[in-house]
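Visitor: Dropping the structure in here first, questions after.
Each value in this text was obtained by applying a stated rule to the coordinates, not by laboratory testing. Just so we're clear, the structure is a prediction, and the values are computed from it rather than from any experiment. A quick note on method: Cβ atoms are made from the backbone with ideal geometry, for glycine too, and the neighbour counts reach across all protein chains shown.
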Amino acid sequence: MEAVYKYQINKIVKITLIALFGTLVLTISAKIKIPFYPVPMTMQTFVILFIGIALGYKIGLLTVSLYLCEGIFGLPVFANSPEKGIGLVYFTGPTMGYLIGFLVAVYFAGYFKYNQGYINKFIKLSFAVSFIYILGLLWLGYLIGWNKPIFKLGAQPFLLAELFKIILLVVLVPYISKLKKFI
């Protein structure tokens, strides 16, 4: 009985450390910016999908939830924090929909099986990442008004870069998937 308890404690500690490391990687990916208009492009969507593939949907959701909580509680983990504010005020700004979309994207990226061909992997990853943009555009439209060019501001500038990230992940999936055995 005691051995089972120690095993469970060890597993909880291991998963917690993996999730904390994942939030660190997400934070770094948020801070690496490639200049774009109107918002700088980051590698966050790549890392979100990577986390889902590598850790599965349960630990992936834990990791992204922890990351969002860190940001909501004031840690400067988001892309434009602390320059444009921190905490709940920043979270509820123009990027909130995209940040919530991270949860849906990591869930699907972690839930899907990637044992079919490249086209199948591409479709699954595109489906997962689309929720980041759908929720992001919905929130952006609500926040700034539907009479503005929402798609042009919140998605169009990033689609080519997103395509590149997804293609890169499609090629890397067999290697990323092997990380699950360490959990």
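Visitor: For the residues 11, 181, 121, what sequence is obtained by ranking on other C-beta atoms within 10 Å, fewest first?
Guide: Values: 11 11, 181 6, 121 23.
Lowest count first: 181, 11, 121.
Visitor: Using a Gaussian network model of the chain with C-alpha springs under 10 Å, which one of 44, 156, 116 is most mobile by mean-square fluctuation?
Guide: Among 44, 156, 116, the largest GNM mean-square fluctuation belongs to 116.
Visitor: Pop out the ³J(HN,Hα) list for segment 109-124 in order, Karplus 6.51 cos²θ - 1.76 cosθ + 1.60 with θ = phi - 60°, rounded to Hz; leave Gly and Pro as x.
Guide: In residue order, the calculated couplings are 4, x, 7, 5, 9, 10, 9, 9, x, 4, 5, 4, 4, 4, 5, 5 Hz.
Visitor: Please report, in cubic angstrom per residue, the volume enclosed by the convex hull of the alpha-carbon atoms of segment 35-183. List each step's numbers first, then the result.
Guide: Numbers: hull volume 15.6 nm³, N = 149.
Considering the Cα atoms of segment 35-183, their hull volume per residue is 104 Å³.
Visitor: Taking H placed 1.01 Å from N in the peptide plane, check which residues at least 5 places from residue 41 or on another chain put their amide H under 5 Å from its amide H.
Guide: 34, 36
Visitor: Fully extended, how many nm does the chain gain between residue 84 and residue 164 (0.36 nm per residue separation, minus their Cα-Cα distance)? Show your work: numbers first, answer last.
Guide: On the way: separation 80, 0.36 × 80 = 28.80 nm, distance 2.81 nm.
Gain in length upon complete extension: 26.0 nm.
Visitor: Per-residue HN-Hα couplings for segment 10-26, Karplus 6.51 cos²θ - 1.76 cosθ + 1.60 at θ = phi - 60°, whole Hz, x for Gly and Pro?
Guide: Couplings: 4, 5, 5, 4, 4, 5, 4, 5, 4, 5, 5, 4, x, 5, 5, 5, 4 Hz.
Visitor: While we're on this one: Explain nothing, just compute: Karplus ³J(HN,Hα) = 6.51 cos²θ - 1.76 cosθ + 1.60, θ = phi - 60°, for every residue of segment 62-79 in order, whole Hz, x for Gly and Pro.
Guide: My calculation for segment 62-79 gives 4, 4, 5, 4, 4, 4, 5, 5, 4, x, 4, 7, x, 6, x, 9, 7, 4 Hz in order.
Visitor: Next question, about the same structure. Springs between alpha-carbon pairs under 10 angstrom, Gaussian network model over the chain: which of 151, 50, 108 fluctuates most?
Guide: In the Gaussian network model the winner is 151.
Visitor: Sorted by packing (mean other beta-carbon atoms within 10 Å per residue), highest first, where do 128-137, 86-95 land? Spell out each step's value before the answer.
Guide: Working: 128-137: 21.1, 86-95: 17.3.
Packing proxy ranking, top to bottom: 128-137, 86-95.
Visitor: Got the relative contact order for the chain handy, in percent, Cα pairs under 8 Å and 6 or more residues apart? Don't skip to the end; give the middle numbers.
Guide: Details: 227 pairs, mean separation 43.6, N = 183.
Across the chain, relative contact order equals 24 percent.
Visitor: Using Cβ contacts closer than 10 Å as the measure, can you line up 29, 81, 65 from fewest to most? Let's see the in-between values first.
Guide: Working: 29 18, 81 21, 65 15.
In increasing order of surrounding Cβ atoms, one gets 65, 29, 81.
Visitor: What do you get when you divide the Cα radius of gyration of segment 48-90 by 2.2 N^0.38 Å, with N the number of residues? Don't skip to the answer; put the middle values down first.
Guide: Working: Rg = 11.8 Å, N = 43, 2.2 N^0.38 = 9.2 Å.
For segment 48-90, the normalised Cα radius of gyration comes out at 1.28.
Visitor: Turning to a different aspect of this structure: If you build the Cα gyration tensor of segment 115-179 and take the root of 5 times each eigenvalue, what three semi-axes come out, in whole angstrom, biggest first? Write out the running numbers ahead of the final one.
Guide: On the way: eigenvalues 176, 24, 16 Å².
Rounded to whole Å, the semi-axes are 30, 11, 9.
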